[in-house]
Amino acid sequence: MTTLFTYTDQQDTRSGFGAGLLELGRNNPDVVALCADLTGSLKMDAFEKEFPERFFQTGIAEANMIGIAAGMTIGGRIPFTGTFANFSTGRVYDQIRQSVAYSGKNVKICASHAGLTLGEDGATHQILEDIGLMKMLPHMVVINPCDFNQTKAATIAIASYEGPVYLRFGRPKVPNFTPADQKFEIGKAVLLKEGKDVSIFATGHLVWKALKAAEALMDKGIDAEVINIHTIKPLDEAAVLASVSKTGCAVSAEEHQRNGGLGDSIAQVLSRKLPKPLEYVAVNDSFGESGTPEELMVKYGLDTADIIKAAEAAIARK
Amino acid sequence: MASIHELQRIATQVRRDILRQVHAVNSGHPGGSLGCTDFLTALYFHTLKHTPVPFDMDGQGQDLFFLSNGHISPVFYSVLSRSGYFPVDELKTFRKLNSRLQGHPTTHEKLPGVRMASGSLGQGLSVAIGAALSKKLNKDNTLVYTLHGDGELQEGQIWEAAMYAAAKKVDNLIATVDANGQQIDGSTDHVLSLGNLESKWQAFGWDVLHMDGNNMESVVSTLETAKSHTGKGKPVVILMKTEMGSGVDFMMGSHKWHGVAPNDEQLAKGLAQLEETLGDY
């Protein structure tokens with residue numbers, strides 16, 4: 001069996017956020033953090049301890065937290081809000097729409113426990129619609145990094161970007177394979193493996209699975225290209241087009257609904273500029289349920305095996 | 001600083017501006033705008049420490065005002081333009097295509113004087129708390145003011161914000177509630193009774209003041225009192241009794257003029273009750 005990709009440790013992406021936030025706190029006095037009673041879960045406790053005067057505990061009142069964050073930009077602060085992805089988006093959509101996005105405020109909405117890998121808490125907390133909700137808002141940047149190092153780098157990078165950002169990450173420990181010194185460029189896809197038969201565009205936790213799928217495909221004689229789309233909006237259209245014009249077909253892979261996710265963004269680009277077969281690895285119009293993260297990824301069709309199947313299906317349609 | 005008499009004369013002109021703005025496009029919200037005219041006039045021409053030009057979004061060293069009930073944009077636009085934030089003549093563009101004077105105030109078109117979009121109700125108090133917290137971090141001892149409708153208090157976010165401001169001692173904040181007892185579907189008692197607002201705000205830990213919002217002397221003196229109550233560990237709220245449609249007799253005493261523009265005849269009848277003190281745009 002081919003092994004192209006290895007990692008040294010497994011860490012949760014939320015810890016990458018916590019580490020990035022702490023570093024920002026030390027280097028940028030304008031950065032402030034707000035949390036709605038999930039400081040430990042979001043790994044914001046180190047920031048709170050070191051910078052208590054710049055940490056704002058809002059209690060279980062997410063709408064108020066988003067409004068306060070928007071207001072804090074007036075006076076030059078760069079607020080980072082933290083709560084679960086469900087409470088960061090669906091619960092406060094109108095507050096984000098009016099007070100952050102339409103008002104053009106420099107708020108960073110940081111969302112943990114996104115998707116099925118939240119696990120046992122079940123569907124109430126497993127939001128699979130957040131990418132779609134957020135990317136529909138005009139000028140909202142949507143980022144879904146793949147591992148600890150990339151989440152840390154993304155957290156630091158978005159502080160230097162002026163404007164609203166949605167940063168999505170998760171709960172489980174996953175392979176940490178992005179080089180610690182890799183620069184995070186908003187809107188710039190990362191080519192992880194070159195190939196000529198099929199382009200696999202993956203985001204978040206699905207990136208590692210896409211790499212594992214590419215290894216398995218290699219054993220079957222299929223040369224897959226793997227691209228990490230950490231920024232869903234703005235999408236790196238040039239990277240998508242360059243890859244698919246070479247391979248002739250594509251797979252999208254994400255821990256999100258098929259409707260409104262990364263796959264739809266790629267489909268928009270391909271249908272307008274380069275019509276080629278695209279297969280989706282995503283949740284298909286369904287809520288999640290309780291279970292271990294691994295069990296849920298298998299049951300809802302988001303595992304390595306599903307990416308392999310999708311790649312073969314895409315190639316067959318060429 | 002304008003005298004009471006001067007403020008009253010400005011308010012009369014602002015009321016003319018309101019009627020003429022909504023009449024010109026046959027849309028907008030005159031009722032609440034007229035009711036809050038004396039408050040906003042006093043605030044911008046007497047109470048606020050502010051620099052209209054050049055407009056500075058961050059407003060450091062200046063008092064800030066957030067209009068949470070954004071539908072009363074006609075009074076807000078009139079007062080902003082009359083105090084120098086943008087040309088009075090621009091009131092002609094209210095609610096028209098390509099205007100900076102959108103139906104509800106927004107920063108999106110970069111209208112000087114507006115620091116946050118409002119329209120979807122209940123969000124302004126949270127935003128104001130954020131701005132007030134920024135001032136504290138920046139060691140800026142100026143104040144943050146807000147205005148809310150009483151119907152707006154039916155939004156849950158207001159009470160999240162009210163709880164936060166008191167618990168965290170956001171005491172550089174003066175919120176005002178336009179207690180006109182009216183909303184779109186009827187009286188607030190009929191639609192969803194607000195109960196005892198004084199008790200509610202007190203129970204949430206706020207310093208509560210009362211004011212007759214259509215009496216310029218009461219408005220000016222209550223705002224001064226409110227300022228003197230800041231910095232004492234509690235946010236301040238002013239329950240401001242107003243009459244929707246105040247200043248135009250046939251618009252008063254009913255919710256009917258919440259969001260309806262006067263026709264030609266009604267405009268003439270209204271303007272006849274309001275002296276042109278500063279010159280129409």
Item to complete: Identify the single condition in (1) in a loop (DSSP other than H, G, I, E, B); (2) farther than 25 Å from B:Met240 by Cβ; (3) not polar (S, T, N, Q) that B:Asp171 does not satisfy, given that it satisfies every other one.
Response: (2)
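Return a yes/no flag: does region B:17-36 have any residue that is in contact (Cβ under 8 Å) with a residue 40 or more places away in the chain, within 13 Å of B:Gly113 (Cβ to Cβ), in a helix (DSSP H, G or I) and open to solvent by 10 Å² or more (accessible area, probe 1.4 Å). Break it down into steps so the answer makes sense when it comes.
Initially, region B:17-36 is screened for residues in contact (Cβ under 8 Å) with a residue 40 or more places away in the chain, giving B:17-36.
So of that shortlist, the ones also within 13 Å of B:Gly113 (Cβ to Cβ) come out as none.
No, every residue in region B:17-36 fails to be in contact (Cβ under 8 Å) with a residue 40 or more places away in the chain, within 13 Å of B:Gly113 (Cβ to Cβ), in a helix (DSSP H, G or I) and open to solvent by 10 Å² or more (accessible area, probe 1.4 Å).
Yes/no per residue for (1) within 12 Å of another protein chain (Cβ to nearest Cβ); (2) modelled with pLDDT of 95 or more; (3) farther than 22 Å from A:Ser103 by Cα; (4) in contact with a helix residue (DSSP H, G or I) (Cβ under 6 Å, 6 or more places away or on another chain):
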site	(1), (2), (3), (4)
A:Gly25	no, yes, yes, yes
A:Val31	yes, yes, no, yes
A:Leu34	yes, yes, no, yes
A:Ser41	no, yes, yes, no
A:Glu48	no, yes, yes, no
A:Gly59	yes, yes, yes, no
A:Asn64	yes, yes, no, yes
Discussion item. Can you report the number of residues in region B:41-58 which are in contact with a strand residue (DSSP E or B) (Cβ under 9 Å, 6 or more places away or on another chain) and either among the charged types (D, E, K, R) or open to solvent by less than 10 Å² (accessible area, probe 1.4 Å) (or both)?
Written reply: 2
Practice prompt. Specify the residue that is farthest from the other protein chains (Cβ to nearest Cβ); the eligible residues are those in region B:107-129 that are open to solvent by less than 20 Å² (accessible area, probe 1.4 Å) and over 19 Å from B:Thr142 (Cβ atoms).
Written response: B:Leu111
Item to complete: Examine region A:140-151 for a residue that is acidic (Asp, Glu) and either farther than 22 Å from A:Gly288 by Cα or within 14 Å of chain B (Cβ to nearest Cβ) (or both), and state whether such a residue exists.
Response: yes
Discussion item. So for region B:268-279 (the condition being at positive phi, at pLDDT 95 or above and open to solvent by less than 30 Å² (accessible area, probe 1.4 Å)), does at least one residue qualify?
Written reply: yes
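Looking only at region A:57-67, how many residues end up being open to solvent by 20 Å² or more (accessible area, probe 1.4 Å) and not polar (S, T, N, Q)?
Going residue by residue through region A:57-67, those that are open to solvent by 20 Å² or more (accessible area, probe 1.4 Å) are A:57, A:59-60.
Add one more test, that the residue is not polar (S, T, N, Q), and what stays is A:59-60.
Residues flagged as open to solvent by 20 Å² or more (accessible area, probe 1.4 Å) and not polar (S, T, N, Q) within region A:57-67 amount to 2.
Within region A:147-221, which strands (runs of 3 or more DSSP E) (wholly inside it) include 2 or more residues that are surrounded by fewer than 23 Cβ atoms within 10 Å (Cβ to Cβ)? Show your work before the answer.
Numbers: elements: A:165-168, A:173-176, A:190-193, A:198-202.
Counting at least 2 such residues, we get A:173-176, A:190-193.
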Practice prompt. Hey, could you check region A:101-137 for residues that are touching a helix residue (DSSP H, G or I) at 6+ places or on another chain (Cβ under 7 Å) and small (Gly, Ala, Ser) and say which is farthest from the other protein chains (Cβ to nearest Cβ)?
Written response: A:Gly119
Worksheet item: Restricting region A:68-99 to residues that are more than 25 Å from A:Ala19 (Cα to Cα) and within 7 Å of chain B (Cβ to nearest Cβ), which is surrounded by the most Cβ atoms within 10 Å (Cβ to Cβ)?
Response: A:Gly71
Worksheet item: Out of all the residues in region A:243-291, which are among the hydroxyl-bearing types (Ser, Thr, Tyr) and either under 18 Å from A:Leu128 (Cβ atoms) or in a strand (DSSP E or B) (or both)?
Response: A:Ser252, A:Ser265, A:Tyr280, A:Ser286, A:Ser290
Fill in: Condition met for A:Leu38 (in contact (Cβ under 8 Å) with a residue 60 or more places away in the chain, surrounded by 15 or more Cβ atoms within 10 Å (Cβ to Cβ) and outside any helix (DSSP H, G or I))
yes
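The values are calculated or read from the model by the stated rules, or taken from the named source; none is laboratory data. Values in this document were obtained by computation on a predicted structure and should not be read as measured data. Quick reminder, even Gly has a Cβ in these numbers, built from the backbone with ideal geometry, and neighbours come from all protein chains shown. All accessible areas refer to the heavy atoms of the entire protein, side chains included, with ligands and DNA or RNA removed. Shrake-Rupley method; radii C 1.70, N 1.55, O 1.52, S 1.80 Å.
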